[in-house]
Amino acid sequence: MAAATSCSSLLLLLLASLSAFFFFHATAVHTLAAAAAGGASRIDATTATTTTDGGDADAKVYIVFTERLPAAAEPSSSEQDTGAAVASYHHGLLDTVLLDGSSSAPDRVVYHYSRGLHGFAARLTNDERNRLAEKEAVLSIHEKVVYRPQTTRSWDFIGLPLPQQHQTDPLPFESDVIIGMMDTGIWPESQSFSDDGLPPPPAKWRGVCSNFTCNNKIIGARAYQNGRTTLSPRDTDGHGTHTASTAAGRPVAGGTARGGAPGARLAVYKVCWGSAGCSAEDILAAFDDAILDGVDVLSVSLGTPIPFDYADDTMAVAAFHSMRLGVVTSVAAGNAGPEMGSVSNVAPWMVVAGAVNTDRKIVSELVLGDGRRVVANSSINVFFPHLGKPALLVDPGSCTEE
């Protein structure tokens, strides 16, 4: 059993890396890194508290990282007490810079963070942000960043075929592993997320299903948008459903696609909303909840066009603190291109996946004017073959910049 557990851990790191890259004919490679948990305790875990809109019309959302709670403010017992203590500390800190009296700190705060990292997201004017930055308890302040979301034979191509155990054992060895998917949500009706043969969620699971019906495969689901808690985690984009099925999708009758760990459980954290993208304050709130929920690995297929310095990349900061608590984060490398150096997720404590190659080819049959047929690798769209007129066969050597 120990050997199986070790294999499942390596498998989950690999599958999370692959699921973190979204490109139709790509496979992923990565370096496996040990993510040893630090000495941090989860006693400071609190629910990511949210509030409604408030404050100056010129205010913008900032991420404020702070020191841990002072010893005098540490709660003595329950998580509820902890949440109240964290909120009180943050509100007191914020009240010292809200000088116009137009709104109170609770009106300005979007989220409180207190599990892996410490701080809050709040709507601040530039002057308020500058005054807050002078406080000794404030480590750094960052204007929110919007991230953007970034194959079937890939598993066999990289030498990771479906274990024989999955073909005979209704309860695969990785069924106690929980993958947290931070993306556009999930479409639960897909057969890839059937819970047939799966037992109830592992005892370590502490998450919830908010405005969503879960099963023994999708065991948790939450949605985050600007502090609102009444939204559905259902996927209306498709990206999150794709990455979730790549990581842990179950085989479907008559199909060839499947996830890397079909028996693993899924916890879904919807942080992306179409053209609005994926806001940093929502992503941090999802990290905060995922740590307490009990996920084993986070798959985050999100990124920015260019990399930030580690200290300025809120997702990298969250992944670092999650790593210290034993939760590994796997991310898409990203490659906006066409310039060099556009890989955006580069922090060494994240498992980063990038596209390299595949052993599949897209071929098309081209019928020449004299009736000859040529079959070769092609970028011709065979799904729309009727051009209405003959296509030109061009010698690239004869082309000019014009």
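The values are calculated or read from the model by the stated rules, or taken from the named source; none is laboratory data. As the structure is a computational prediction, the values presented were derived from the model and not from experiment. Every residue, glycine among them, receives a Cβ derived from its backbone with ideal geometry; neighbour counts consider all protein chains shown.
Tabulated data
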| quantity | calculated |
| --- | --- |
| Unmet criterion (only one of (1) modelled with pLDDT under 70; (2) crowded, with 19+ Cβ neighbours inside 10 Å) for GLY54 | (2) |
| Failed item in (1) over 24 Å from VAL252 (Cα atoms); (2) surrounded by fewer than 19 Cβ atoms within 10 Å (Cβ to Cβ), with ASP196 passing the rest | (1) |
| Qualifying positions in region 351-372 - part of a loop (DSSP other than H, G, I, E, B) and at pLDDT 75 or above | LEU368, GLY369, ASP370, GLY371, ARG372 |
| In region 121-136, the residues that are aliphatic (A, V, I, L, M) and surrounded by 18 or more Cβ atoms within 10 Å (Cβ to Cβ) | ALA121, ALA122, LEU124, LEU132 |
| Lone qualifier among THR229, THR241 - being closer than 22 Å to VAL110 by Cα and β-branched (Val, Ile, Thr) | THR229 |
| Elements of type strands (runs of 3 or more DSSP E) in region 236-350, at least 1 residues being at pLDDT 90 or above and more than 21 Å from GLY116 (Cα to Cα) | 265-270 |
| Helices (runs of 4 or more DSSP H) (entirely within region 76-141) containing at least 3 residues that are in contact with a helix residue (DSSP H, G or I) (Cβ under 6 Å, 6 or more places away or on another chain) and modelled with pLDDT under 95 | 79-95 |
| Index of the failed condition, TRP155 passing every other in (1) in a helix (DSSP H, G or I); (2) more than 23 Å from SER232 (Cα to Cα); (3) in contact with a Lys or Arg (Cβ under 8 Å, 6 or more places away or on another chain); (4) modelled with pLDDT of 65 or more | (4) |
